[in-house]
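The values are calculated or read from the model by the stated rules, or taken from the named source; none is laboratory data. All values derive from a computational prediction rather than experimental measurement. Because the Cβ atoms are built from the backbone with ideal geometry, glycine has one as well, and the counts that use them run over all protein chains shown. Just so you know, the surface numbers come from the protein's heavy atoms only, side chains and all, with ligands and any DNA or RNA stripped out. Shrake-Rupley method; radii C 1.70, N 1.55, O 1.52, S 1.80 Å.
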Amino acid sequence: MSSQAEADAWLSSLKEKFDRLGGKEKCTEAAIIHRVPRIIRRGDDEAYEPEIISIGPYHRRKVRLQAMEKRKWQYLHSFCSRWGLDVILDNIVLKVQELEFRARRCYSSEINSVNKEEFVEMLLLDGCFILELFLKSRDRVTDKTMAGKTFTETDPIFGHCTQWVVRCVARDLLLAENQLPFFVLQQIYESFATSTEMFSLVDLAMCFFKSLYLAINQKSSQQHDVAQKQTSNESPLHLLHLVHSHFVPRSSHEKNSKSISSTSLLPSFNKRKSSEEIQFQAHTPLPTVPRAKRLQDSGITFKKGKGKNFLDIKFEDGVMEIPHLVVDQYTNTFLRNLIAFEQCHPSSGKCFTMYAAFMDFVVNTAKDVEILHQHGILDHGLGSEQDIALLFNKICKGLIVEPEENDKYLLLVNDVIRYSTIPWNMWRAKLNRDYFGNPWAIISVTAAIVALFLTFVNSFFSVYRYYHPSSGI
C-alpha cells in the first residue's frame, strides 16, 4: 500500500513539474536578451561583464556596480525635471507598469527572483537613466549655453572630473547581457518628448554612441541614412541591435538574396560568369585563408578600402580592399558583444561573426598587423602589433562559424584562395619582390638588361662581319 502511495506521489510530482516547467519553451520564444553562453564567454569573460553600471536584471545585484544606482536616481530626477516633476513621475510609473509582463518575457534566463515592484523600479530607473544620458549628450553638442550650465563638476557622468565615466558607460550599454527592451525606452520617450523634439530616439542613441566609439563614427552619413531607413520600418530589439543594424541593414542579410546592391554594406566579391558560378553547401566550416604575409607573397595586394564601414571587404583582380579600422581598448568588447548577439539571435545574420573569422585568418602574427598598418588598414592604440594579432586570434574562440549557402564572405574567401594558388601569380609576386622591390634593384635589373642587350648586339655584328666581310659593316 505504501509503495503504491509513493508511486502516486511521484507521479503527482512529475505532473506538477510538467505543468510548471513544460511550457517554458513557449515563454522563451519571445526572448531577445540572452545570457552569453559559457562556451563563448570563456574566450574573454571580462568582455561581457559591465565595468561600471548594470542595465536590466542580469547584473543588478553585483556589489561593485551599486555606486551607479544612486546616479540613476539623480538622472531620473533630472529627466522628470524636463517636463514637470509632479506629473511626469506618476505617468512614467503607470507606463512602465503596463510594460512589465511584456518586458519580463524578453529575458531568456530565469528572473523570477525579481518581484514585480523591483522589476518595474528597475525598468523605471534604467530606462530614464539611458534617456537622460542621451538627452544630456545631445544638449552638450547642440546647445553650448545650456551645456555650460548643465555639465558642471557635480554631474556624475559629464562632469569635468568624470569624463572617463562616459566611455565606461557607453561600453556597458553595448553589452549583450546589459540591455533593456527598446520598446520600453521608446514608450517612455514618445510619451513625454514634445513634437518639437529635434531627434528621434534612434537619432539620440546613435549620436551618443558615434561620439564615443571610433568604429561607429567611421561610417559615413550616407551609410547611416541607409541603416536608419532599415531600422525605421521595424523597431530595434535593444541598443546593441540598433548599433548592429547601423552596420548591417536588415535587407542585406535576407535569405536567398541573389545580388549585392550598390548600397550594400556586405563584402563585395569577383563577378563570375554563370558557367563559373560555384555553389557552396550550407553549414560547412569557413575555408582557411592564408595570413597576410602569405597572401602578399602569393601576389595579392592590400589596399585601404574607400568605404568607411569596416565590414565592407572587397577583392578583385588580386587587390584586397579592407576599410580602415582603429583598434582601441574598447574594440575587443565591442566586436565580441555584437558577435554574441548574432550567435544568440541567428535571424540577425552573421556579418560580424564572418568578419571576425576572416580577420582571424588574415591577422595571425605581428608581421601581418604590420603589413595592414603599412597600407593604412589597421591603426591601434594598444601596446603592440602582437596585441592586435592576439585580439583577432582569440575573438573567434568558442564560436560556431558556419556560413550559409552563398554567404558573401564565403564567396570572397573562395576568390582569395583561388587567386593565391595560381602559380603565375606567385611567380610574378616573387619577381616583383626580389627584383623590383626597391629603386636600386630596378636600376640593377635595368642595367643588366641593357648590358645583355648590348652584348647581344655586339655578338650579332661580330658574327655578321665574319660571314659577310665585304658588307662594309
List pairs: first residue in the range 342-358 and within 12 Å of Val248 (Cα to Cα) and among the acidic types (Asp, Glu), second residue open to solvent by less than 10 Å² (accessible area, probe 1.4 Å) and at pLDDT below 90 anywhere in the structure, Cβ distance under 6 angstrom, at least six positions apart or on different chains. Glu342/Ser348
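Residue by residue, here is whether (1) under 21 Å from Trp83 (Cβ atoms); (2) modelled with pLDDT of 90 or more; (3) aromatic (Phe, Trp, Tyr); (4) in contact with a helix residue (DSSP H, G or I) (Cβ under 7 Å, 6 or more places away or on another chain) holds:
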{"position": "Arg105", "(1), (2), (3), (4)": "no, yes, no, yes"}
{"position": "Ile111", "(1), (2), (3), (4)": "no, no, no, yes"}
{"position": "Glu118", "(1), (2), (3), (4)": "no, yes, no, no"}
{"position": "Glu121", "(1), (2), (3), (4)": "yes, yes, no, no"}
{"position": "Leu124", "(1), (2), (3), (4)": "yes, yes, no, yes"}
{"position": "Glu132", "(1), (2), (3), (4)": "yes, yes, no, yes"}
{"position": "Arg138", "(1), (2), (3), (4)": "yes, no, no, yes"}
{"position": "Met146", "(1), (2), (3), (4)": "yes, no, no, yes"}
Residue within the range 70-77 that is out of contact with any Asp or Glu (no Cβ under 7 Å at 6 or more places or on another chain), surrounded by 19 or more Cβ atoms within 10 Å (Cβ to Cβ) and over 18 Å from Asn178 (Cα atoms) present: yes
I need the full set of residues from the range 378-395 which are over 26 Å from Gln343 (Cβ atoms) and either in contact with a strand residue (DSSP E or B) (Cβ under 6 Å, 6 or more places away or on another chain) or in a loop (DSSP other than H, G, I, E, B) (or both), in order please. Asp379, Gly381, Gly383, Ser384
Looking at (1) open to solvent by less than 10 Å² (accessible area, probe 1.4 Å); (2) modelled with pLDDT of 90 or more, which is the only condition Glu321 fails? (1)
Residues in the range 385-419 that are of a type in the set (Gly, Ala, Ser) and modelled with pLDDT under 85: how many? 1
List the residue pairs whose Cβ atoms are under 6 Å apart, where the first residue sits in the range 360-389 and is touching a residue at least 60 places away in the same chain (Cβ under 8 Å) and closer than 14 Å to His324 by Cα, the second is outside any helix (DSSP H, G or I) and aromatic (Phe, Trp, Tyr), and the two are 6 or more positions apart or on different chains. His375/Phe302
Take the conditions among the acidic types (Asp, Glu) and touching a residue at least 60 places away in the same chain (Cβ under 8 Å) and apply them to Asp44. Does it pass? yes
Within the range 216-230, is even one residue of a type in the set (A, V, I, L, M, F, W, C), modelled with pLDDT of 70 or more and in contact with an Asp or Glu (Cβ under 9 Å, 6 or more places away or on another chain)? no
What do you reckon, is Ile53 outside any helix (DSSP H, G or I) and open to solvent by less than 60 Å² (accessible area, probe 1.4 Å)? yes
Are any residues in the range 343-377 open to solvent by less than 20 Å² (accessible area, probe 1.4 Å), assigned to a helix (DSSP H, G or I) and within 18 Å of Leu311 (Cβ to Cβ), and if so, which ones? Ser348, Cys351, Phe352, Thr353, Met354, Tyr355, Ala356, Ala357, Phe358, Met359, Val362, Leu372
Matching residues, the range 289-313, being under 30 Å from Asp44 (Cα atoms), out of contact with any helix residue (DSSP H, G or I) (no Cβ under 8 Å at 6 or more places or on another chain) and either open to solvent by 60 Å² or more (accessible area, probe 1.4 Å) or not in a loop (DSSP other than H, G, I, E, B) (or both): Lys304, Gly305
